[in-house]
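> Provided herewith is a single structure, encoded as structure tokens, for subsequent inquiry.
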Amino acid sequence: MRRRTSPRRTPKPQPIGPVQTFHVDGLTHEAKGVARLQGKVTFIDGALPGETVTAQVTKTGRRFDEAILTSIIDPSPHRVEPACPHFTVCGGCSFQHLSDEKQLAAKQDWLKGQLRNLITTQELEPLSDAPFGYRRRARIAIDRIKGDIVLGFRGKASSDIVSISQCVVLTDGLQKVFLALKNTLVNDELAGALGHIELLEDTKGVSVLFRLTASISETLEAAWDAWAEKERIALYWQAPKASKAEVAIAKMRHYDLGDLTLSYHPQDFIQINASMNQKMVAQAMDWLRPNKQDTVLDLFCGVGNFSLPLAQQAESVIGVEVQDSMVVAARENARLNGLENAQFIAADLTKPVNQELFKTKITKVLLDPPRAGAFEFLDSVIKIGPTQILYVSCNASTLARDAEYLVAKGYRVERVSLMDMFPQTSHVETMMLLHKKK
């Protein structure tokens, strides 16, 4: 059987110059301490504001240097012991050494900076939940190093795979299946045919998806199917060169959202934090307050995460999504939940919109785009002229760009929420409500 080729190793930063003492007075979005020495900025991985530390420069530039922490002389009162033993080497989390309260405060300060041209009198409204055990989806990397199987995540600023024994941000169900997988794969020939492994937990239970890079025997596949049945795990196989796993309708996944049930393919996008998703959707409904006089346009609608709750309150909902398979799933979800006032359209929202949309009087718009934002579609939104726009964003910089454009075209920012969807990491989700000026 073909063995996987190990990726080229990213060389670890090598110290240059002497160990020096720094006083840290700031924190970057990536949780690096900001210090100044003789007027030059130095970013120190692992250092916190208010600390006096020693560090050694690993990279020097014209405007700033980067350094590694060597010791903490005077620690911050907000420094905590990381819950994960792999924190210093794994690239998954960046904030575990900072108290949960100060993590949120640091994210708020950063988000205010990103939205400084938009926020005047508005306060950021925080939305948060459990700081650990929240992640219901994870992609596990796999490699063979010196004959040993390595299962884990990419390292900090490295393509190396860090072998982990636990991941404190995973749900309990995923933590258990990860350990079971790791113990079983150690001496199994399947490991040599895997590109990566996808773990997932939802209302239906726990599932594992194997992404194959080479064909395997029917005997080996049957053995793993039996393992999954014994472990009470749903197992999916993605064939070599296939873009997606083939999944029968009866084996689709589903999750509950209030009194709704949403079905989806195990590789379709869903929010990875189930509790925060419930809170986020509830907040969206509270802010938009759809009623029986509203027709709501839900852009980048996925399988109906916002569309279906909107349809429970609005006169009608039009969901638009680029992926045909997700549009099919959204339509089926509307049917299964008895919502006949929701229709779904497949369309590329980076291109001019179908003029059919303009024939319906749309009163409110919800946007939940990918990281690149929704700039290409904003002129179409402005032409539609909704009274309210709710923008949900996973990238504050593209949100700022898009919202500034909407403000210039006659909208005003009403409310902004920082949603801590990914505790212990630097990532944030933002919700912004804009009203059309009279």
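> Quick one: ranking 295, 360 by accessible area, 1.4 Å probe, largest first, what do you get?
Per-residue accessible area, sorted high to low, gives 360, 295.
> Please work out the C-alpha center-to-center distance from the stretch 359-376 to the stretch 35-84 and express it in whole Å.
After rounding, the separation between the Cα centres reads 41 Å.
> Pop a pseudo-label 7 angstrom from the Cα along the beta-carbon direction at both residue 132 and residue 232 and give the gap in nm to one decimal.
2.4
> Run the helix sum for the chain: -39,500 (n - 2.57) per DSSP H stretch of 4+ residues, divided by residue count, reported at 222 nm to the nearest 500 deg cm²/dmol.
Rounded to the nearest 500, it is -7000 deg cm²/dmol.
> Something else: Work out the FRET efficiency for residue 172 and residue 259 from their Cβ-Cβ distance, taking R0 = 25 Å, and round it to the nearest 0.05.
0.50
> Let me ask you something else. So how far, in whole Å, is the C-alpha centre of the stretch 169-197 from the one of the stretch 280-334?
Here the answer is 36 Å between Cα centres.
> Work out, step by step, the length gained on full extension between residue 220 and residue 325: first 0.36 nm times the residue separation, then minus their alpha carbon distance; give nm to one decimal.
Computed gain between residue 220 and residue 325 is 34.8 nm.
> For the stretch 164-207, what % of the accessible area comes from carbon and sulfur atoms, probe 1.4 Å?
Result for the stretch 164-207: 48 percent of the exposed heavy-atom area is carbon or sulfur.
> Taking a quarter of the surface of the Cα convex hull of the stretch 133-242, what do you get in nm²?
7.3
> Note down the nm distance, to one decimal, between modelled labels 7 Å out along Cα→Cβ at residue 279 and at residue 23.
Inter-label distance under the simple model: 3.7 nm.
> A further question on this structure: Need one number: nm distance between label points at residue 250 and residue 183, each 7 Å from Cα along Cα→Cβ, rounded to one decimal.
Each label point lies 7 Å from its Cα, and together they span 3.1 nm.
> State the extension gain, in nm to one decimal, for the chain segment bounded by residue 148 and residue 105, taking 0.36 nm per residue of separation less the distance between their alpha-carbons.
The span from residue 148 to residue 105 would gain 11.3 nm if fully extended.
> May I ask you to derive the FRET efficiency for residue 343 and residue 41 from their Cβ-Cβ distance with R0 = 51 Å, giving the value to the nearest 0.05?
Approximately 0.45, to the nearest 0.05.
> Can you tell me which of 228, 342, 274 moves the most in a GNM of the chain? Springs connect C-alpha atoms under 10 Å apart.
Residue with maximal mean-square fluctuation among 228, 342, 274: 228.
> Which value, in debye to the nearest 20, describes the size of the charge dipole of the chain about its Cα centre when Lys and Arg Cβ atoms bear +1, Asp and Glu Cβ atoms bear -1, and nothing else is charged?
Around 1140 debye, computed over the chain.
> While we're here: FRET efficiency for residue 379 and residue 415, Cβ-Cβ distance as r, R0 = 30 Å, nearest 0.05?
Result of the calculation: an efficiency of 0.80.
> Right, here's the next one. Gain in length, residue 60 to residue 437, computed as 0.36 nm per residue apart minus the alpha-carbon separation, to one decimal in nm?
130.9 nm
The values are calculated or read from the model by the stated rules, or taken from the named source; none is laboratory data. Predicted, not measured: the structure shown is a model, and the values here were computed from it. In this analysis, Cβ positions are derived from the backbone assuming ideal geometry, glycine residues included, and neighbour counts consider all displayed protein chains. In case anyone asks, the SASA skips ligands and DNA or RNA and just uses the protein heavy atoms, side chains included. Shrake-Rupley method; radii C 1.70, N 1.55, O 1.52, S 1.80 Å.
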